[in-house]
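Computed from the coordinates by the stated procedures, all read-outs in this text should not be read as laboratory data. All figures in this text were calculated on a predicted structure; none of them were measured in a lab. Backbone-built Cβ (ideal geometry, glycine too); neighbour counts: all protein chains shown.
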Amino acid sequence: MNKPSEKKPRIVILGAGFGGLTAARGLANIAEVTLVDRHNFQTFLPLLYQVSTAGLAADHVAYPVRGAIRNSGIKFRMGSPISINHRDNSVKLDSSEVLEYDHLVIAMGSATNDFGIKGVAEFSLGMKSVNEALTIRAAVMRRFEDLCRFEDDSRFAIAVVGGGPTGVEMAGAMAELKRGPLASDFKNAADHIDIYLIEAGPRLLPTFSPSLSERTAKDLEKLGVKVICNASVKEINEAKIFFSNGDSIESGITIWAAGVMGEPTIKKLSLPIEANRVAVEPTLQVQNYPHIWAIGDISGVKNKSGKFLPMVAPVAMQQGRFVAKQIAALIAGRTLKNFSYVDKGSMATIGRHKAVVEVKGIKIGGAIAWFIWLWLHLFYLLGGRNKIGTIADWTWNYLTFDRGNRHIMDSY
């Protein structure tokens, strides 16, 4: 006689980003997996800045969640969690649906961190969603049209705050937009646009080697970006940025790329929090809750030095794969392991034929680094259509020095 098949454990994953989707795929064969996200698409955040600077169409960096999980048996619910009932092991969504679980994976990502600085929330633009990227693009193009209309000596400044990879890539792409397409459209107007990159610390790309940081600053300055280091922002208003040392600069559009924090929604879920992240054990289990796990930007796991791991896609993807193995081990009665992040290197692109890559002490710059950056980002982009569309946009941009996505498509 055949034994009745054992019921698969129910696993709910909150967040369909890099970590959540990776975990869901890893668990699909051993569990009933339900994936929850407030959007019905995953955003490829590393290329979002190219949407902001007219390099890519918005739909090339977004991929439907249901398309990503098709034929996998994974269920999807669009919604946001509003509470966790720890006694009943269930999570309630804003759609009023209640999902019961045997294991819950928190993978809700991150949000812009304004560090409590006055005016950031009101007068700067973030870089965490397609909508924000389109808002930046529309704002830049609208101000460019203003310069075209007035044809006087007035100037307009775009300031990017934050000298990490996101800020560097945004400033470089904005400079190339100004030097290429906008100059071809109306050179006098483009010549009256100033671009700043502001970093609170002594150098750009602080996690890279000093030599690559120096090279990055020089490459940006060659593109016309005004790099300002050792400049701690004190306040922002609609027209200026004020620094802690008393200096200030004009800024018609301020783009905030100075940092992120764990998604604030987590505060509703009655979980232990440490520095805006979910407090976890080295196993990635949430402290005091052995059947709840946290991965990606929201996870408060630390390295051997006691520092939080960076909020980047490679960390989330490694943790997604790891947590799937951990849950499988727990179901099978095996011993759990501690998570150890394998740093496979860092990279940032600056502009055409300009990028920096650092892998295990090996430093690469220039065209080779740029092609490595292009290939890796294309490799991890979801969906054949998105890959083809991105290749088409990149090829057109490269051959023509033009960018065809210079549309003003906001709500105004």
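Annotation: amide H-H contacts under 5 Å for residue 274 (H modelled 1.01 Å from N, sequence separation of 5 or more, or interchain): 279. A DSSP coil position with no more than 13 other Cβ atoms inside 10 Å describes the following trypsin sites (Lys or Arg not before Pro) in segment 154-255: 155. Across segment 26-43, coupling constants 3J(HN,Hα) worked out from phi with the 6.51/-1.76/1.60 Karplus curve, θ = phi - 60°, read x, 9, 4, 7, 10, 8, 8, 9, 10, 9, 10, 8, 6, 10, 9, 9, 9, 9 Hz, and Gly and Pro carry x. By the Kirkwood approach, averaging reciprocal distances over each pair of separate Cα atoms, segment 335-412 gets a hydrodynamic radius of 15.2 Å. How big is the charge dipole of the chain about its Cα centre, in debye rounded to the nearest 20, if each Lys and Arg gets +1 on its Cβ and each Asp and Glu gets -1 on its Cβ? It comes to approximately 1620 debye.
For residue 191 and residue 70, the FRET efficiency from 1/(1 + (r/R0)^6), where r spans their Cβ atoms and R0 equals 41 Å, is about 0.25.
Across segment 143-158, computed HN-Hα scalar couplings (Karplus, 6.51 cos²θ - 1.76 cosθ + 1.60, θ = phi - 60°) run 5, 4, 5, 4, 5, 5, 6, 6, 6, 10, 8, 5, 10, 9, 10, 10 Hz from first to last residue, x flagging Gly and Pro. Remark on segment 208-257: hydrodynamic radius 12.4 angstrom, per the Kirkwood mean of 1/r across alpha carbon pairs.
In a fully extended conformation the segment linking residue 222 and residue 40 would gain 61.4 nm over its present Cα-Cα distance, using 0.36 nm per residue.
Full extension of the chain between residue 77 and residue 207 yields a length gain of 43.1 nm, computed as 0.36 nm times the residue separation minus the alpha carbon distance. If you wrap the chain in the convex hull of its Cα atoms and look at it from every side, the mean projected area works out to 22.4 nm².
As a proxy for reagent exposure, 381, 204 were ordered by neighbouring Cβ count within 10 angstrom, fewest first; the result is 381, 204. In the chain, excluding the sites themselves, the longest stretch lacking any of the GluC sites (Glu not before Pro) that are in a DSSP loop with at most 15 other Cβ atoms within 10 Å is 239-412.
Taking trypsin sites (Lys or Arg not before Pro) across segment 1-69, the ones in a DSSP loop with at most 14 further Cβ atoms lying within 10 angstrom of their Cβ are 7.
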